[in-house]
1. Given the criterion out of contact with any helix residue (DSSP H, G or I) (no Cβ under 6 Å at 6 or more places or on another chain) and surrounded by fewer than 12 Cβ atoms within 10 Å (Cβ to Cβ), identify the matching residue among TYR65, TYR58.
2. Residues that are of a type in the set (Gly, Ala, Ser), closer than 21 Å to ALA138 by Cβ and assigned by TED's automatic domain parsing to the domain that holds ARG223: list the strands (runs of 3 or more DSSP E) wholly contained in the stretch 253-336 that include at least 1 such residues.
3. Would you check if LEU252 is within 26 Å of LEU148 (Cβ to Cβ) and at pLDDT 90 or above?
4. Would you confirm, using the coordinates I've provided, whether LEU30 is under 30 Å from GLU88 (Cβ atoms) and over 40 Å from the mean Cα position of the chain (by Cα)?
5. May I ask you to verify whether ALA173 is in a helix (DSSP H, G or I), in contact with a His (Cβ under 6 Å, 6 or more places away or on another chain) and either free of Cβ contacts under 8 Å to residues at least 40 places away in the same chain or of a type in the set (S, T, N, Q) (or both)?
6. Name the pairs whose Cβ atoms lie under 6 Å apart, with the first residue in the stretch 76-97 and free of Cβ contacts under 8 Å to residues at least 60 places away in the same chain, the second among the basic types (Lys, Arg) and surrounded by 14 or more Cβ atoms within 10 Å (Cβ to Cβ), and 6 or more positions between them or separate chains?
7. Out of ALA174, ALA120, ALA162, I need the residue that is of a type in the set (Gly, Ala, Ser), closer than 15 Å to LEU225 by Cβ, modelled with pLDDT of 80 or more and buried (at least 20 other Cβ atoms within 10 Å of the Cβ). Which one?
8. For the stretch 255-281, name all the residues that are within 15 Å of LEU211 (Cα to Cα) and among the hydrophobic types (A, V, I, L, M, F, W, C).
Amino acid sequence: MILTALIGVLAFSTPRQIAFSRLLPTAPALAAAMWPVLPTLLLGLFCLLVMIGLSFVYTDLGTPYTSAAIVAVTLAAAYASHVRLQREETLFHVRLVAEAAQEVLLRPLPRRMNNIEIEALYLAAQEEARIGGDFYEAADTPYGIRLLIGDVRGKGLSAVGAASALISCFREAAYDEPDLSGIIHRLEVTITRHGAAFPVLDRPEHFATALIAEISQDGGQVRLLSCGHPPPLLVHQGKTRLLEATTPSPPLNLTTLVGEHHRVDTFDFAPGDQLLLYTDGVTEARDRTGTFFPLPDWAQQQGQMPPRELLDRLHVALLHYCGGKLDDDVAALVVRYPDAGAGSTACRRGRGGELACEGEG
């Protein structure tokens with residue numbers, strides 16, 4: 001509308017030799033990119049009326065030719081608008097399917113399990129995608145709260161199948177296996193079978209890094225088993241440190257090359273502590289100079305804050321650091337053991353699966 005009014009004013013107020021009226025067909029052409037069919041046709045009709053009005057002021061503007069151009073462009077723009085609306089509707093339904101798939105693959109985690117607060121962040125690198133090769137899951141089991149975070153080699157939709165298979169396996173194994181090494185073994189079997197069922201030319205595409213964390217029922221300790229995954233960050237009394245594995249296990253589906261050995265490390269997890277689990281999309285994010293994102297230094301500057309706020313800040317910091325576009329999928333979990341205080345409710349799940357809560361609130 002602004003463009004039409006501007007062309008009309010210029011056409012009336014300038015000499016006829018300039019012939020700004022010949023630009024009138026551009027208005028309905030532009031409208032097709034934003035407007036539905038009927039408003040686009042009405043704008044074309046308005047441009048035609050403006051051209052007819054100009055013909056009464058300047059009789060030698062070539063009104064028939066410009067009017068014919070307006071009519072032709074308007075009809076073409078109306079058809080283009082119709083096609084655009086159809087494609088937008090198709091894209092809308094595709095996004096609904098993608099969101100439904102994400103709900104199944106990366107279902108929303110409860111914000112609290114027993115007495116532990118949990119928040120999650122997921123950012124897909126592939127445009128228009130809501131899911132990718134990074135994955136996470138949490139389960140409140142008789143053995144404690146068990147967390148999984150991992151990264152299938154590759155990114156975007158090509159890695160979704162393997163990630164889905166690993167998450168489904170963990171959801172069963174977390175309740176069945178008393179030891180973390182048993183869960184890892186079942187994940188190994190799953191990704192091997194998935195690679196055999198869906199082969200690709202690049203065989204290494206089928207390996208994945210993974211980290212399993214188990215928080216004991218009383219919340220006093222956390223046990224970690226890392227299979228080639230970046231070490232988590234522990235925030236204790238305002239100080240941040242990496243929980244490096246004593247003997248890291250090989251990534252999933254690479255044990256045939258380097259041998260299978262799993263060692264579980266145990267760390268203190270006191271009230272007030274906070275654990276940040278993440279994939280390499282965080283630590284390997286680069287700025288314009290190619291420098292990696294300094295996650296430990298960044299986390300140290302944040303101090304102690306609620307898990308949701310910490311992940312929101314991490315999201316903003318990563319996008320700012322990378323110039324607004326991520327090169328890899330990003331997944332992160334923040335697990336917090338809150339200080340016991342008045343009005344809090346402590347809930348624990350027994351080995352039989354029953355949930356017992358005490359306290360106020």
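The values are calculated or read from the model by the stated rules, or taken from the named source; none is laboratory data. Everything numeric here is computed off the predicted structure, so don't read it as measured data. When we count neighbours, we look across all protein chains shown, and the Cβ atoms used for this are built from the backbone with ideal geometry, even at glycine.
1. On the way: TYR58 fails: surrounded by fewer than 12 Cβ atoms within 10 Å (Cβ to Cβ).
TYR65 is the lone residue from the list that is out of contact with any helix residue (DSSP H, G or I) (no Cβ under 6 Å at 6 or more places or on another chain) and surrounded by fewer than 12 Cβ atoms within 10 Å (Cβ to Cβ).
2. So the answer is 330-336.
3. no
4. Working: under 30 Å from GLU88 (Cβ atoms): yes; over 40 Å from the mean Cα position of the chain (by Cα): no.
Answer is no for this residue.
5. Numbers: in a helix (DSSP H, G or I): yes; in contact with a His (Cβ under 6 Å, 6 or more places away or on another chain): no; either free of Cβ contacts under 8 Å to residues at least 40 places away in the same chain or of a type in the set (S, T, N, Q) (or both): yes.
Judged against the criteria, ALA173 is not a match.
6. As it stands, the answer is none, since no pair meets every condition given.
7. Within the list ALA174, ALA120, ALA162, the selection yields ALA174.
8. VAL264, PHE267, LEU275, LEU276, LEU277
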